[in-house]
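The values are calculated or read from the model by the stated rules, or taken from the named source; none is laboratory data. Computed from a predicted structure; not experimentally measured. In this analysis, Cβ positions are derived from the backbone assuming ideal geometry, glycine residues included, and neighbour counts consider all displayed protein chains.
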Amino acid sequence: MAQYPDLKLFIAGEWRTAGGAPVINPADETTLGTVPHASRADLDDALAAAQDGFRAWSRTAPARRAEIILRATQLIRERVEDLAVAMTLEQGKPIAQSRLEIIRGCEIIEWDAQEGRRVYGRIIPSEPGMRHSVLRQPIGVVAGFSPWNFPMSSPARKVGGALAAGCSIILKASEETPAGAVQLVQAFADAGLPRGVLNLVFGVPSEISEYLIPQPSVRLVTFTGSVPVGKHLSALAGAHMKPAIMELGGHSPVFVCDDVDPASTAAKSVVGKSRNAGQVCVSPTRFFVEDAIHDRFVESFTQKAAALKIGNGLDPAIEMGPLANERRLAAMDALVTDAKAKGARVTTGGSRIGNRGYYYPLTVIADIPDNARAMREEPFGPLALISRVRNLDEAIEKANAVPYGLAGYAFTNSARNADLLAERVEVGNLSINHFTASTAETPFGGVKDSGIGREGGVEGLQCYTVVKNVSRLTA
């Protein structure tokens, strides 16, 4: 079996060692390794290297940039098994999901690399003797912050967008799941990326963000994580007049209309909800089910959830691994306890599995009142909250009542329902009759408290550029 990698910082094209903190395997609570913490001197070196890297990379032809980026993704594809094992060891997700995440990360980077060759400007018609041209240029040094739940694909979004646009980046990846970023960076180093274009640091998150973001050389902040931290970083960026891409928390509604088969829809919902043990910002969570099929949906969902195979993600037969850390166990218990106290009905799950490893079952909660904490706060775990509604209008009103607006899902065979949902549901991403929230070529991001800016698609790449208008008098 592949081994867990040696964890280091990557600054100015070189790997550095440093003391740090343990990385814990959530399946058995053993220590996998030590993640290094960057010193203030390390961060200063990364800033200087990123400035030098930007000067060289921004002047590199887009076709050449794409060549190097695509070479890196080819190396990642060749190493997928080693990367997947490391990801499952540190994060817990089933090995098949780890493989899929790595391939998805490659697809994101590859799309950005090719789209980076099409960052077009335009000519604006004007009077004779005057020429107006609009240029899109790379914004500069990027400070990127990625979370623990997707150790490879989340860094891939930030690295892919920045490099394809011609920017350099200092990536601060998760200290709890660092191997994905280390292996991603290694592939770019092996592909011949110039020194300083991509730098990787770890450390105390608040200390690193509060040092990097105010630095004059940093021109853009991109963060994926919780709403409170995102608001803090947005305020810090705003204080220094810097744009920010914020992909924050969600509390995804699922609309189950009475014109669909409840059993098959429930089966699909269990697969979607159990992905990464529900630790996904776009995880389907609040199920609003029309009255006519509600009871059959709850029954089918409960049966499928109870039958899930839960265990160590390295076992290929496992369908759901452990939660990523002990904090999530405590959070699930608190939300379930509150829901039950307010009259909700737990139809399966509801308590930790065993006492070693952070295992928690897919928990189905029916008859949950609107004032339960789990209906107002993002659970970020394997809780499926099912509410009975009279009609779609009521469901949409309840879905929009929270401050989140990242993703939503709906199951219906009615074109009228689909149009109504598309018009009225307050989310950045709406998926109808499936559970895929985004692809490499589509823009991804939220509304309301779920963030600002976009990742992916043409819109995502444009976030890494600035617009310059050039007017020239020719006569």
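Look at region 259-283: where a residue is within 26 Å of LEU329 (Cβ to Cβ) and a partner is basic (Lys, Arg) and part of a loop (DSSP other than H, G, I, E, B), sitting 6+ places away or on another chain with Cβ atoms under 6 Å, you get ASN276/LYS93. Kindly indicate whether any position in region 128-146 is free of Cβ contacts under 8 Å to residues at least 40 places away in the same chain, in the same structural domain as ALA66 (by TED's automatic domain parsing) and surrounded by 14 or more Cβ atoms within 10 Å (Cβ to Cβ). No, there is no match, as no residue in region 128-146 is free of Cβ contacts under 8 Å to residues at least 40 places away in the same chain, in the same structural domain as ALA66 (by TED's automatic domain parsing) and surrounded by 14 or more Cβ atoms within 10 Å (Cβ to Cβ).
Criterion applied to GLY460, GLY428 was being surrounded by 17 or more Cβ atoms within 10 Å (Cβ to Cβ), at pLDDT 95 or above and outside the structural domain of GLY92 (by TED's automatic domain parsing), and the one residue passing it is GLY428. Each residue in region 178-210 was checked for being farther than 23 Å from ILE69 by Cβ and either surrounded by fewer than 18 Cβ atoms within 10 Å (Cβ to Cβ) or of a type in the set (Val, Ile, Thr) (or both), and 6 of them qualify. From the set of residues in region 53-70 that are assigned to a helix (DSSP H, G or I), charged (D, E, K, R) and surrounded by fewer than 17 Cβ atoms within 10 Å (Cβ to Cβ), which is nearest to the chain's Cα centre (by Cα)? Among those residues, the one meeting the criterion is GLU67. When ASP45 is tested against (1) without any contact (Cβ under 8 Å) to a residue 24 or more places away in the chain; (2) farther than 14 Å from GLY180 by Cβ, exactly one condition is not met: (1).
Hey, does region 107-121 have a residue that's out of contact with any strand residue (DSSP E or B) (no Cβ under 6 Å at 6 or more places or on another chain), of a type in the set (S, T, N, Q) and surrounded by 23 or more Cβ atoms within 10 Å (Cβ to Cβ)? Can you show your working first?
Within region 107-121, the first condition is being out of contact with any strand residue (DSSP E or B) (no Cβ under 6 Å at 6 or more places or on another chain), and the residues that meet it are 107-118, 120.
Next, only the ones that are of a type in the set (S, T, N, Q) stay: 114.
Retained after the next criterion (residues that are surrounded by 23 or more Cβ atoms within 10 Å (Cβ to Cβ)): none.
Within region 107-121, not a single residue is out of contact with any strand residue (DSSP E or B) (no Cβ under 6 Å at 6 or more places or on another chain), of a type in the set (S, T, N, Q) and surrounded by 23 or more Cβ atoms within 10 Å (Cβ to Cβ).
Picking from residues in region 134-154 that are of a type outside the set (Val, Ile, Thr) and in contact with a Gly (Cβ under 6 Å, 6 or more places away or on another chain), the one that is farthest from ILE103 (Cα to Cα) is LEU135. Within the bounds of region 9-26, is there any residue that is part of a loop (DSSP other than H, G, I, E, B), within 20 Å of LEU200 (Cβ to Cβ), in contact (Cβ under 8 Å) with a residue 24 or more places away in the chain and not hydrophobic (A, V, I, L, M, F, W, C)? Among the residues of region 9-26, at least one is part of a loop (DSSP other than H, G, I, E, B), within 20 Å of LEU200 (Cβ to Cβ), in contact (Cβ under 8 Å) with a residue 24 or more places away in the chain and not hydrophobic (A, V, I, L, M, F, W, C), which makes the answer yes.
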